[in-house]
Structures are given as structure tokens and as C-alpha cells.
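Have a look at the structure below before the remarks.
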Amino acid sequence: MTDQALFKGANVSVLRRADVEGGRLQAVVRWSDPLGTADIDVSALLLGSHGRVRSDDDFVFYNAPAGGDGSVRLLGKRADEEAGEDRVSVDLESLPSEVETIVIAASLDTGSGFGDVRELGLVLLDSAGQPTARFDVADAGTETAMVLGELYLRGEEWKFRAVGQGWDSGLAGLATDYGITVQDDPAEDHLADPVVEELPADVGSPADLVEVAAEPDPAGVPARAQRQGVRTRKKRTTAATLPPLTLAVDPSWQPARLFSISGVGNAEEQEKRATSTLLSTMMAVRDFGRALVSRFGGPAGTIETYLEVPFKIGERTSIPDGVLRVARAGRIWTALLEVKTGASPLRQEQVDRYLDLARQQGYDAVITLSNDLAPVGGAHPVPVDGRKLRKVALHHISWSEVLHEAQMQLDHRGVDDRLQAWMLAELIRYLEHPRSGAAGFDDMGMAWVPVREAVAAGTLRAADRKIGAVTTSWEKLVRHLGLRLTGQLGVTVTQVLPRRFAADPTTRAQAAAARLADDGTLAATLRIPGAAAPLAVTADLRTGQVRTSIEVEAPREGGGARRVKWILRQLAAAPDTLIVEVLFARREQTSCELLKDVRENAAALLPDPAAEVRAFRLTMSAPMGTRRNGLKKAFIPSVNDAVDAFYARVVQGLRPSPPKLPTEVAEDAISAVQNPS
């Protein structure tokens, strides 16, 4: 099937009804966004034969990103230097039989209407990720919500129609017209904030204050009570505070642990304990378990987990580390789990064997869990024959991502049971301990020191074999940075890549190797929702510095002096050593000073008072750790601290108001940057 451009009202055949087995489609909504300011969200509505939703649960959007028993799911936003995109996945094979139409819509959270958005369009991808149809919107105006297209069943065939119908009343108006009950009374806005409860003193955990979610959480988990209408307003969240225990006689007293780290011996015992701890928490803390299951395409149902289940296949017995079973609407979804802790690698032979076992048993998925953080989301660290994936899905998740999911649930989504909240806090406490074997990304690999020394000596070349291992580790570190910031801020932090690199890992790796060989740097850009602009981070191996920077557009009104005062007012918490660079309309003009000098004499930034100030580039440098792993003088902690300190002291003070970094995290990072060990 070829990529077919559609005009408004046109349709194209997508798939025969008899061929929906393995029919997983993606609708990609994309728009031009060079300044990173457009806030567009994709959503989907599941309609029955009457053209309306069956219930409010058929509305898939940012506050409830999974529906249809998990068959329709939001995949999250991505961005590159020029454009933004948001995606929705549709599994036609597991779609409820009563659903005959899936409406793909987009909505604006800011701006006057889609008429201000350039190059808005939708691309439909088949199960192989190849484009089959696209629709470019050419006549948008003041609409703040729009149906871009419909997947619909006509006779024995699934088709896609380009629609392009808009609503000035936003996502709430669009949803209402399809039968969704919307509850967006401004007088009830306080309901969007989490409710804080105090735990009794005898709970025995530092997690004394927890959030109570009044709505379905962002992982697609339904609320406890039947949903009485849908809130289309984006939920505001506040991180839960975790005060320390206060009754200890001496600081050396250690709080008791629900999941003990005492007695962890060999790697096998470490692996079994971590697996059992995770699986039991998934059953006990329903929202957390469902959040993880939704990552693997599983339904939002009753979760049961089992440890080391033996399967007899012929003369051989296979024992996966765990089995997950989820019951929903008369159907049971099953996944086999293979776990590694510490430095133990996943083995291809094991993954292949469990894929074969899952196929023979009619199970849905195989999940691998290890400390290997894939550099690109969705990539599996073990190469697998694609033929084994025709009937069984293969997913990988790192322990870092499990920890991130637990922190997001506890700190930002909330847990509506106090003992469950304590249990989840204890899981986090367990996973953060070195003996758990569930380490975050903390090792740049064997090639790090030789590459660093080669950069210092000027002998590194892009073709050197060792350089690829370091650039791959850097990609993993960038993913790690995004996960950390997402968990700390409660918003989805994404990496920004040039369009030519986003879908081509080989070209991306070659460019990173060339940059490291030519100027000794590793670089990345992160987009943080609510921040004034993307945050750039550069590790300079020649100078031993980590540079973090942000480029902020200047206001259009007023002259140069007024624009300089505008940026200075936002830098009250920034250090004197911050570099402030002025970018002028005439690009050959430059001006750069330390913030302490600008504070004393703002005119120092304007050698030509008549020159038009276009933007400001703010840069902070911090010492770079050199060791490949560890906590002291190590590279990864130095990058983490540099990013956190820059965000706390510079980025979160810039307009518009971005989410704030937790005070303790900010203080620790600033101290680490100012007093490197």
C-alpha cells in the first residue's frame, strides 16, 4: 500500500475485516513548531453503530490515555528542531466488536485557533510503520478542536476518511457532540488539585502525605467510582511531600523496610527478590500495576502476578521469572516476564525461547526487564527474528523506567489508599538501594576512559571502534535525563532531534561520532512543557565542563534596553557566573557578558543601542566528572547535577511559569555543582 494524499472528505481502504489479526495502526498528528510553543494534543473517540460513544470511557485523551480495553492508546508527544507530533495507536484485532468508528481529533491548549498553526496534518501508518494515507489541513481558522480523520468499518473493510471539521468550543465541545458528558465547571476547578491526606503515625513510613486522585489517572486507570462525566481541563498536580521520621533517638537509626535489602547474596537471589518485590506491588497498588501494564498494550483490568511458573514443553521445562495475567471484559491478557538485575545482560537464547513459549501457549506478550536503558524508546536491546513477533509482542523496560513510573504515580498522579501509597513508597525505597540490583543508568561503559583520554590527546577519530560505545551510552544518558526530569516535574520531557536524525539511528550515530572526534563534545536538547524554550546540554571532554543553555526569544515591543531589563528581572536566582549572550536581528552582531557585570551595567550588553535584540542565550558551566561510574567524580552524576542546577536557578524563573523542581533536588544539585567532590 502506498502513501496516498487525501483531500477533505476523501477516503481510502486500509484493511479488510478478515485481516485485522496483527492490524496495529498509528495516527500521527504533526505540525510545524520551530519555536516550540504550540501545545497540541491528539485524542480519539470510539463510536458505536449509532455514531456516538458507548460511555464516557470511550474518550481517549490526555487525562485518560487508553480505552477500548487497551486497544486504543496515546503514545505520547515527540519533537524535533522544526516540528511537533502526537500519536495514537489503534489495535484493530483487540478493538471491542461494538466499536465501528474511531475518530482522530486534535485540540489546542493555547493560541487563538488552528489557523495560527502551520503545516497541520495527519499521517496514517500501517503495522510496519509505513505511511498509507495523509491529510494536510489547509483551511483552519479559529477552531480550537478539530476532527482530522476517521477510521470506520464499512461492510467487510476498514477505511480512513479525511474530515477536517473544527469546533470553536474546544475539546469539551467536540467531545460533547459525540455523547461525552463533560464536567468542566470553573467553580469546581479545585477538584483538579490533588487532595492531601495525613497518614497515621504508626504506618511506619516516611510517606506520610499522599495525593488522592479524584479522576482517572494519566496512565489510563479508571477511578474507583463510576465516572460521572469527564473533565477536559488538564489536571494540575502537586508533588507529594515525604517528611522524615522524627522519633528516632539518633540519626544512625534506620527505618524498618517493608522490602528488606538485608541478606541479598548472589546475583540469582538479587534477581528473585527484585522480581517478587515488583510483582507483588503491581498487584497491591492497582494504579501502579495498571500504569505498567498499559505500557505493554495490556488492558486496564484485574492484575494477577506469579513468580517462576514452570511450563513443560516436550522434554524441556521452561521457567520464566514471572507471569502477568490481566482479566478484563471476559478476556485474559497474559505476558511472560524475563528479569535481569545488576550487570547481568539479557540473552537472545532466553528471549527467543520465551517468545516461542508464549506463541505455543497463546499468550500475548513477552516482557524483558533489565538495567539496559534502550537509547531510543521502543527499541529492544536484543536482536530478534521478526517472524517470532507475528503473534506475540515483545517489550523491554528498564529498572530506571519502573522506578520512574512508581515515582510518577506516587508524586504526581496520586494513590487513593494510604497503605497502598506507603507500599509504593517502600518499593521506591527498595529500588533506590544499591543492593536491589535495580540500578539506574550509572555507567558509561568500558570505552569511556579511553575515549576521554583520546579526546584530551587529540588522537580520537570518528572511525575509531570505541567511539560508538560512548555515543550509544550518551543516548542512554539523555533518555535517563528525560525520565528523571519527567518524574521530578510531572510533565513529559522529550529529546529534540533534527528531523533527519529522528528516524535514522545510523545517521544519528555517525553525526555524534563526528562531533565527538572533531570538537570533543556530546550534546543533546530537551523540551520541557511550560519552559520558555528547549534546554541544551553539552558535555565538553576537552575543557572538562558541562554546559547547559537556553535561548529565549526577546519581546517584540520596546527597544534594546527595555528588552535587557526584561530578561534581568527573570534572573534573580541565577548565579553571577551565568553567561548572558545577546542575539541580534543582524546575525553578525554579537554581545556576551557575565551576569554579574550586566547586573552592574546593563548597557554593557548593548554596544550599539540602536541594534534590534532578537533573543538571549543563557549559559551555565559546571565541572564535569571524569570517572565512568560511581557517585564521586563520576560523569553521569555531574551531568545530572548540572541540568538540575541550571533548571532550578535559571529555567524555572523564566516566563511562562514552568513546573518547579522539588526543593531538595534543587538544593542538592546546586551544592554538588558549587562544591564538586
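The values are calculated or read from the model by the stated rules, or taken from the named source; none is laboratory data. A quick note: this is a predicted structure, and the numbers were derived from the prediction, not measured. Backbone-built Cβ (ideal geometry, glycine too); neighbour counts: all protein chains shown. Heavy atoms of the whole protein, side chains included, go into the accessibility calculation; ligands, DNA and RNA do not. Shrake-Rupley method; radii C 1.70, N 1.55, O 1.52, S 1.80 Å.
Run the numbers for Leu594 and Arg359: contour at 0.36 nm per residue of separation, minus the present Cα-Cα distance, in nm.
Contour length minus the Cα-Cα distance gives 78.3 nm.
Compute the label zone of Asp518 within region 450-492: residues whose backbone N is under 14 Å from the point 7 Å along Cα-to-Cβ.
Flagged as within label range: 461-463.
Using a 1.4 angstrom probe on the protein heavy atoms only, line up Phe160, Phe441 by accessible area, largest first.
From most accessible down to least: Phe441, Phe160.
Take Thr626, project a point 7 Å from its Cα along the Cβ direction, then tell me which residues of region 433-469 have their backbone nitrogen under 20 Å from it.
The answer is 443-461, 467.
Which part of region 507-524 falls in the paramagnetic zone of Ala128, meaning amide N under 18 Å from the point 7 Å along Cα-to-beta-carbon?
none
Work out how much length Ala604 to Ala256 would gain on full extension: take 0.36 nm times their residue separation and subtract the Cα-Cα distance, in nm to one decimal.
Stretched fully, the Ala604-Ala256 segment lengthens by 119.5 nm.
Any lysines with Cα under 17 Å of the Lys476 Cα? List them, leaving off those in the same chain fewer than 8 positions away.
Those lysines meeting the cut-off are Lys466.
Taking 7 Å along the Cα-to-C-beta vector as the label spot, tell me the Asp109-Arg500 distance in nanometres, rounded to one decimal.
Calculated label separation equals 3.2 nm.
Using protein chains only and a probe of 1.4 angstrom, how many square angstrom of Leu92 are accessible, to the nearest 10?
Roll a 1.4 Å probe over it and Leu92 shows about 10 Å².
Excluding Ala457 itself, what net charge comes from residues whose Cβ is under 13 Å from its Cβ, given Lys and Arg +1 and Asp and Glu -1? List each step's numbers first, then the result.
Details: positive: Arg452, Arg461, Arg542; negative: Glu453, Asp464.
Result for the local shell: +1.
Quote to one decimal, in nm, the extra length available between Arg316 and Arg617 on full extension: 0.36 nm per residue of separation minus the C-alpha distance between them.
Result: 102.1 nm gained on full extension.
Net charge near Asp644: determine it from the other residues with C-beta under 13 Å of the C-beta of Asp644, scoring Lys and Arg +1 and Asp and Glu -1.
Details: positive: Arg484, Arg649, Lys660; negative: Asp641, Glu664, Glu667, Asp668.
The answer is -1.
Once label points are set 7 Å from the Cα along Cα→Cβ at both His50 and Glu156, what is their separation, rounded to one decimal in nm?
Simple spin-label model gives 3.0 nm for this pair.
Given Cβ point charges of +1 (Lys, Arg) and -1 (Asp, Glu) and nothing else, what value in debye, to the nearest 20, does the dipole of the chain about its Cα centre take?
Roughly 1360 debye, rounded to the nearest 20.
Give the relative contact order (percent, whole number) for the chain; include only Cα pairs under 8 Å separated by 6+ residues.
10
Trypsin sites (Lys or Arg not before Pro) within region 485-553: which are DSSP loop residues with at most 13 other Cβ atoms inside 10 Å? Can you show the working numbers first?
Values: sites: Arg499, Arg500, Arg508, Arg515, Arg527, Arg542, Arg547; in loops: Arg542.
Passing sites in region 485-553 are Arg542.
Would you work out what percent of the accessible area of region 270-378, with all protein chains in place, is carbon or sulfur (probe 1.4 Å)?
48
If you count only protein heavy atoms and use a 1.4 Å probe, how large is the accessible surface of Lys391, to the nearest 10 Å²?
130
Find which of Ala329, Gly70, Ile319 sits farthest along the positive direction of the dipole of the chain, computed with +1 on the beta-carbon of Lys and Arg, -1 on that of Asp and Glu, about the Cα centre.
Ile319
Counting only protein heavy atoms and a 1.4 Å probe, tell me what percentage of region 381-517's accessible area is made up of carbon and sulfur. Kindly include the intermediate steps, with their values, before the conclusion.
Numbers: 3040 of 5820 Å².
The C+S portion of the solvent-accessible surface of region 381-517 is 52 percent.
When ranked by the protection proxy of mean other Cβ atoms within 10 Å per residue, highest first, what sequence do the peptides 638-646, 274-282, 120-128 form?
Highest mean packing first, the order is 638-646, 274-282, 120-128.
Please give me the summed charge of the neighbours of Leu373: other residues whose Cβ is under 13 Å from its Cβ, Lys and Arg +1, Asp and Glu -1.
That works out to -1.
What does the accessible area per residue of the chain come to in Å², with a 1.4 Å probe and no ligands, DNA or RNA counted? Working shown, then result.
Values: 30550 Å² over 677 residues.
Per-residue value: 45 Å².
Please list, in chain and number order, the residues 5+ apart from Ala83 or on another chain whose amide H is under 5 Å from its amide H, with Hs placed from the backbone.
Asp33
For the chain, what class follows from the C-alpha gyration tensor (a ≥ b ≥ c being the square roots of its eigenvalues): rounded when a/c is under 1.5, otherwise prolate if a/b is larger than b/c, else oblate?
Because its axes are fairly even, with a/c under 1.5, the chain counts as rounded.
GluC sites (Glu not before Pro), restricted to region 472-571: which are DSSP loop and have at most 13 other Cβ atoms within 10 Å?
Glu557
Determine the order of Lys8, Lys159 by accessible area, beginning with the largest, at a probe radius of 1.4 Å.
Most to least solvent-accessible, the answer reads Lys8, Lys159.
7 Å from Cα along Cα→Cβ at both Gln26 and Asp668: what's the point-to-point distance in nm?
Reported label-point gap for Gln26 and Asp668 is 3.4 nm.
For the chain, what is the calculated [θ] at 222 nm in deg cm²/dmol (nearest 500), taking -39500 (n - 2.57) for each run of four or more DSSP H residues and dividing by its residue count? Don't skip to the end; give the middle numbers.
Details: 14 runs with 171 residues, N = 677.
Value at 222 nm, helices only, nearest 500: -8000 deg cm²/dmol.
For region 446-585, compute Rg over Rh where Rg is the Cα radius of gyration and Rh is the Kirkwood radius from the inverse mean 1/r over Cα pairs. Before the final figure, lay out the partial values.
Details: Rg = 17.8 Å, Rh = 17.3 Å.
Radius of gyration over Kirkwood radius for region 446-585 works out to 1.03.
Would you tell me the accessible area of Met283, worked out with a 1.4 angstrom probe on the heavy atoms of the protein chains, in Å² to the nearest 10?
About 90 Å², rounded to the nearest 10.
What is the distance in Å between the Cα centroid of region 555-592 and that of region 342-396?
After rounding, the separation between the Cα centres reads 51 Å.
Give the residue from Ala502, Gly440, Val451 lying farthest towards the positive end of the charge dipole for region 374-509; charges sit on Cβ (+1 for Lys and Arg, -1 for Asp and Glu) and the dipole is referred to the Cα centre.
Final value for the positive-end residue is Ala502.
Could you order peptides 46-54, 58-66 by the average number of other Cβ atoms within 10 Å of their residues, highest first?
Highest to lowest by the protection proxy: 58-66, 46-54.
Is there a quick way to get the dipole size of region 461-518? I mean about its Cα centre, with the Cβ of Lys and Arg at +1 and of Asp and Glu at -1; what is the value in debye to the nearest 20?
40
Using the Cα centre of the chain as origin and beta-carbon charges of +1 (Lys, Arg) and -1 (Asp, Glu), tell me which of Ser89, Val163, Ala425 is placed farthest towards the positive end of the dipole.
After comparing all options, I get Ser89.
Write out the trypsin sites (Lys or Arg not before Pro) in region 455-485 meeting two conditions: DSSP loop, and at most 15 other Cβ atoms within 10 Å of their Cβ.
Here the trypsin sites (Lys or Arg not before Pro) that fit, given the DSSP loop and packing criteria, are Arg461.
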